[in-house]
């Protein structure tokens, strides 16, 4: 432990809380302190922020994006930088937020027939340049918010780039909105880790679709563009091999488990929601690779329909396994290869699907995914 | 008095910690911090301040204070810290930063 006369501020290697050494440059520590002190001032501000308009669209499938800048303050939504249909603003963060929100909207609309976050054409509001040196991005219940990381520091001092740099981060934050309007998923323990995992799943699908990558060709790295060259790592999280994304002298080692045997019990991070998400993340990866092709077509469809129709606020890992298995049976038939792939995916992380709770087979499984959603709604009465 | 703030959560998920021993502070700084601990009614705070709502990817703080006779800890989300506790967290950060290195 540090000597009493020596105040300390540092980024901690996970699970080494009692073995801290002061690391990082002064600038890095200063930056971390700024993030912490600024972010504590959010509560009053949150109460007065305007809600983005939830329109009653005359036409479905129309994007309504607005990107604001907070000009390095905590004021939301801030000053408009770019609105729907406008040409690029020239502000890289704003244009990334705009394009990323568009690509995310397109995934939901073109693949899942979902019209925006709420399913009813909700406007997509983003704010960039939130606070100074804010190393975070979040969904605040009504909009997306992105910090600039360390981009205002000299390159040698930077750890994190702006949070719009990775399109899967944008897809991740938007997916928190979708979860809010569908399954809920309490942000604690296993339901919270599932909340995180669904965001990583849809975030990575946005990226893979943009790159036209098949499941077997993708790297499955979340936040690949977030680290500066000063950090030793491929990215923030690996859905393919949780726990291997980074191993850095300053940040420590990626703490994510990829199997129930390594499930992390902690009170930090709402029960380790960003840590234990590695387990359901890998289950999705395993199912997607088993199915082959583009991950959004079958595995993504199964996960989306499960989130929309079956997930509840308190669903745990076992529940998610059983419910995705049931969804696969409804979408592709009981005993189908798709359903077996889902079962194998969860088995690969140490969760055995309880097949006894599977619903009776759907009588007329739809032939293509194009109209699956509407047909299923009719069949299930939802 | 030793005050410690641990931050967890956020999209990155990296834990961070700031720790201040008020014995090294000037009289003025020490009084200011100890007044904040008192004003925040820190030793009367629950171990977990309930979240007002779901706050995905927001920071979570674990704050602990040990004054030699008592020690207490509380956890609170970025959006749910009462104003005086928020001030205390900020103050600890400012001190840790100003005396770094």
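What to note about this one:
- Selection status of residue B:62, crowded, with 16+ Cβ neighbours inside 10 Å, in contact with a strand residue (DSSP E or B) (Cβ under 6 Å, 6 or more places away or on another chain) and assigned to a loop (DSSP other than H, G, I, E, B): no
- Pairing each residue of the stretch A:138-160 that is assigned by TED's automatic domain parsing to the domain that holds residue A:122 and on the phi > 0 side of the Ramachandran plot with any residue that is part of a strand (DSSP E or B) and buried (at least 20 other Cβ atoms within 10 Å of the Cβ), provided the two are 6+ apart or on different chains, yields C-beta distances under 9 Å for A:149/A:160.
- Residue tally, condition crowded, with 19+ Cβ neighbours inside 10 Å and outside any helix (DSSP H, G or I), over the stretch A:191-224: 7
- Of all residues in the stretch B:13-33 being facing chain A (nearest Cβ under 7 Å) and more than 30 Å from residue A:173 (Cβ to Cβ), the one that is surrounded by the most Cβ atoms within 10 Å (Cβ to Cβ): B:20
- Residue B:10 meets all of the listed conditions (1) crowded, with 19+ Cβ neighbours inside 10 Å; (2) at positive phi; (3) at pLDDT 95 or above but one, namely (3).
- Criterion violated by residue A:176 - all others in (1) more than 9 Å from chain B (Cβ to nearest Cβ); (2) without any contact (Cβ under 8 Å) to a residue 40 or more places away in the chain satisfied: (1)
- Residues that are at pLDDT 90 or above and closer than 30 Å to residue A:223 by Cα, drawn from the stretch B:13-66: B:56, B:57, B:58, B:61, B:62, B:63
- Residue in the stretch B:34-45 that is surrounded by 21 or more Cβ atoms within 10 Å (Cβ to Cβ), facing chain A (nearest Cβ under 10 Å) and under 26 Å from residue A:269 (Cβ atoms) present: no
- Extreme residue, nearest to the other protein chains (Cβ to nearest Cβ), among residues of the stretch A:250-272 that are touching a strand residue (DSSP E or B) at 6+ places or on another chain (Cβ under 7 Å) and surrounded by fewer than 20 Cβ atoms within 10 Å (Cβ to Cβ): A:267
- Given (1) in contact (Cβ under 8 Å) with a residue 12 or more places away in the chain; (2) surrounded by fewer than 24 Cβ atoms within 10 Å (Cβ to Cβ); (3) part of a loop (DSSP other than H, G, I, E, B); (4) within 11 Å of chain B (Cβ to nearest Cβ), index of the condition residue A:275 fails: (2)
- Test: residue B:53 is part of a loop (DSSP other than H, G, I, E, B) and more than 9 Å from chain A (Cβ to nearest Cβ): no
- Checklist (1) within 10 Å of chain B (Cβ to nearest Cβ); (2) assigned to a helix (DSSP H, G or I); (3) surrounded by fewer than 23 Cβ atoms within 10 Å (Cβ to Cβ) applied to residue A:184, failing item: (2)
The values are calculated or read from the model by the stated rules, or taken from the named source; none is laboratory data. Just so you know, these numbers come straight off a predicted model, no measurement behind them. Glycine also receives a Cβ, built like all others from the backbone with ideal geometry; neighbour counts cover every protein chain displayed.
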